Amino acid sequence: MSFDRTLEPQPGAIRPFHFPATRRTVLGNGLTTLVAARTALPVVTLRMTVAAGAAGECTGEEGLATLAANALEGGTQRLAGETLAWELERLGLQLETWTTWDALSLNCTAVAAQLPAALALLAEIVRAPAFPESEVGRMRGEQLAELLQRQVEPRALADDMAAHFFFSDASPYSRPLLGRRTALETLDATTVRDFHQRRFTPGAAALILAGDVDPDAAVALVARSFGDWTGSAPDRPDVPAEPRCRELNLQLVDRPGAVQSELRIGHVSVARSHPDYFSLLVMNAILGGAFTSRLNLSLRERHGFTYGVRSGFSFRRSPGPFLIQTAVGTEVTVRAIEETLREVEQLLGAGPTDAEVASARDYLAGIFPLELQTTEQLAAKLAELVVHDLPDDYFEHYRSRILAVTPADVLRVARAHVRPGDLTIVVVGEADTLEPELTTAGLAPVVRHSAETAAALS
């Protein structure tokens with residue numbers, strides 16, 4: 001067989017893919033269980049998701065959800081922290097805990113033969129944590145140190161400043177997910193225990209099992225470990241997401257001596273539940289969500305301003321941000337912003353080409369199975385069903401809904417959800433050099449902030 005190597009290879013047809021069947025069971029105490037069987041390997045991922053995300057923190061306890069998640073590894077009422085660590089090691093488990101705005105999660109993957117023991121230990125960690133003062137204090141210190149580190153790390157600082165300038169003070173999204181320093185310093189073991197008692201209830205939780213497991217046996221094991229857990233679900237908070245500003249504005253955050261500028265451009269957008277979700281995914285792939293996007297081809301390939309630029313929507317239960325982000329040399333900062341705004345305007349003006357839409361659709365549909373190669377990835381998708389109140393067959397129809405997006409759909413959602421007149425432009429860099437150039441460019445009135453002011457916001 002011979003090949004003409006002068007011809008560019010053409011992509012093949014998208015291969016068929018079926019999302020694993022999902023079984024949902026709600027125990028008598030309100031605990032939701034989702035099971036998806038995948039028997040290729042003898043492993044099972046356990047993922048517990050609790051409606052105890054950072055968006056629900058009260059004033060004065062910003063950072064508590066993350067602290068509680070981390071402190072779960074500090075031991076149970078039966079097992080001290082070191083003993084718990086050895087027990088996890090004995091079972092071959094690596095426990096991961098983390099918090100998002102919408103949920104607090106625990107995750108581990110067990111050999112299928114160890115599933116009963118792994119599930120029993122997970123239940124003990126979730127239901128009977130000790131939260132010893134020493135461990136809570138240590139975790140609090142690490143969290144405070146991470147907040148301080150974010151103030152000097154350019155990318156993290158730019159992300160935090162963008163959140164602050166996008167959202168009003170009334171929204172929790174205006175501050176770092178990790179919390180505020182002044183609040184964190186007051187949190188102790190008693191606060192964490194109270195948070196756990198209020199927020200960790202079966203009605204607020206979902207347990208996901210993905211892997212080599214029989215659904216009937218899985219539900220029986222869950223009932224054995226969690227069936228006598230009690231507690232009603234707390235009300236989900238109504239999370240405000242009002243923008244700080246409703247007109248084009250430019251915020252310059254001084255970082256003395258910087259040779260690069262971190263750029264964040266965007267505004268408050270839509271929630272995960274918005275009906276335009278799939279069209280927005282395709283639109284964003286064209287604008288800045290893929291390596292071949294318009295923004296990357298312009299700023300990286302054509303102008304050489306950056307190693308990479310991307311855009312995206314942070315989809316949450318309440319409206320999250322639409323954000324364009326990149327880093328460029330100080331000397332090309334103004335030109336990079338101008339080119340970014342020009343690409344946005346061009347997409348909103350003429351719309352995408354048929355070829356761009358077809359390429360973006362095929363890319364998103366094609367990579368979807370690659371995002372489900374492991375049991376951990378499968379469990380993460382199942383968690384989305386719970387966190388965002390999606391139907392159990394949602395991902396079975398995911399690719400067909402992506403492939404149904406048309407150029408007209410892309411243009412419509414671009415004009416509806418990307419608003420140049422509302423953009424907030426955040427520049428973190430050498431202000432003495434940048435301020436005159438930004439002012440002369442006339443992109444928007446320049447508001448300058450010192451490094452000390454930026455630090456005080458956390």
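Under 12 Å from a label point set 7 Å out along the Cα-to-Cβ vector of residue 58, no amide N atom of segment 221-240 is found. The long axis of helix 333-350 is offset from the longest Cα principal axis of the chain by roughly 80 degrees.
Would you compute, from DSSP H runs of 4+ residues alone, the mean residue ellipticity of the chain at 222 nm, taking -39500 (n - 2.57) per run and dividing by the full residue count, rounded to the nearest 500? All intermediate terms of the calculation are to be shown ahead of the outcome.
Values: 16 runs with 178 residues, N = 458.
The per-residue figure over the chain is -12000 deg cm²/dmol.
Summing Lys and Arg as +1 and Asp and Glu as -1 over all other residues whose Cβ lies under 11 Å from the Cβ of residue 14 gives a net charge of +2.
Summing +1 for each Lys or Arg and -1 for each Asp or Glu among the other residues whose beta-carbon sits under 12 angstrom from that of residue 325 gives +1. For residue 448, which sequence-distant residues (separation of 5 or more, or a different chain) have an amide H within less than 5 Å of its own amide H, given hydrogens modelled in the peptide plane? Placed amide hydrogens put 252 under 5 Å from residue 448.
At a threshold of 8 angstrom on Cα-Cα distance, excluding pairs fewer than six apart, so keeping six or more, what relative contact order does segment 243-334 reach in percent? For segment 243-334, the relative contact order is 37 percent. Note on 58, 108, 245: ascending count of other Cβ atoms within 10 Å places them as 58, 245, 108, the fewest first. Across the options 2, 372, 336, the greatest Cα extent toward the positive end of the charge dipole of the chain (unit charges at beta carbon of Lys, Arg, Asp, Glu) belongs to 2. Measuring r between the beta carbons of residue 440 and residue 302 and using R0 = 22 Å, the FRET efficiency lands at 0.40.
Global size of the chain: 23.9, 73 Å for Rg and Dmax (C-alpha atoms, Rg to one decimal, Dmax whole). In this simple spin-label model, placing a label point 7 Å from the Cα along the Cα-to-Cβ direction at both residue 86 and residue 401 gives a separation of 4.9 nm.
Couplings for segment 112-120, taken from phi via the Karplus curve 6.51 cos²θ - 1.76 cosθ + 1.60 with θ = phi - 60°, read 3, 5, 9, 4, x, 5, 5, 5, 5 Hz in order; Gly and Pro are left as x.
Converting phi to 3J(HN,Hα) with the Karplus coefficients 6.51, -1.76 and 1.60 and the offset θ = phi - 60°, segment 363-369 yields 5, 5, 5, x, 7, 4, x Hz in sequence order, with x at every glycine or proline.
Projecting label points 7 angstrom from Cα along Cα→Cβ for residue 220 and residue 4 puts them 6.3 nm apart. You can think of it this way: the chain between residue 134 and residue 370 has 80.8 nm of extra reach, that is 0.36 nm per residue less the Cα-Cα gap. One decimal place: the segment residue 41-residue 394 gains 124.6 nm when fully extended, by the rule 0.36 nm per residue minus the C-alpha distance.
Counting only alpha carbon atoms, the long axis of helix 154-166 and the longest principal axis of the chain meet at about 90°. Helix 215-226 and the longest principal axis of the Cα set of the chain meet at an angle near 80°.
None of the figures in this text is laboratory data; all of them are computed from the coordinates on show. Just so we're clear, the structure is a prediction, and the values are computed from it rather than from any experiment. In this analysis, Cβ positions are derived from the backbone assuming ideal geometry, glycine residues included, and neighbour counts consider all displayed protein chains.
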